[in-house]
1. Quick one: would you say Ser4 is at pLDDT below 90 and either surrounded by fewer than 10 Cβ atoms within 10 Å (Cβ to Cβ) or of a type in the set (Val, Ile, Thr) (or both)?
2. Name the pairs: first residue in the stretch 20-42 and farther than 16 Å from Gln67 by Cβ, second residue surrounded by 11 or more Cβ atoms within 10 Å (Cβ to Cβ), Cβ to Cβ under 6 Å, at least 6 apart or on different chains?
3. Residues that are at pLDDT below 90, outside any helix (DSSP H, G or I), of a type in the set (Phe, Trp, Tyr) and surrounded by 10 or more Cβ atoms within 10 Å (Cβ to Cβ): does the stretch 27-41 have at least one?
4. Residue pairs, Cβ under 7 Å, 6 or more apart or interchain, first in the stretch 48-65 and free of Cβ contacts under 8 Å to residues at least 24 places away in the same chain and loosely packed, with under 14 Cβ neighbours inside 10 Å, second part of a helix (DSSP H, G or I) and of a type in the set (A, V, I, L, M, F, W, C). List them.
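The values are calculated or read from the model by the stated rules, or taken from the named source; none is laboratory data. Note that the structure is predicted; figures quoted are calculated from it, not measured. Neighbour counts are summed over all protein chains in view; Cβ atoms, including those assigned to glycine, are modelled from backbone coordinates with ideal geometry.
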Amino acid sequence: MAQSAPADFSTADSLVSRLSQGLSRGLTFLIENNPRYGKIAAVNRMTDDELAARGTSRADMVRRAFQDQFYL
């Protein structure tokens, strides 16, 4: 009669978890250190009144930040 032991996937789960967390942290680091992210963050800190005083809108600022990469 064959004997079977319960499968222990805890080390594999731990490895996958650590890899996915590391990948997530790495991508977050890359995004947050992109100059475009800084521009968008600055626009998000502005109020609508401040943007109106500059004669622009949030959509226009995003369009300017990504105009060389996307056709917006």
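1. Yes.
2. Short answer, once both residue conditions are applied: Ile31/Tyr37.
3. No, every residue in the stretch 27-41 fails to be at pLDDT below 90, outside any helix (DSSP H, G or I), of a type in the set (Phe, Trp, Tyr) and surrounded by 10 or more Cβ atoms within 10 Å (Cβ to Cβ).
4. Ser57/Leu51; Arg58/Val43; Arg58/Leu51
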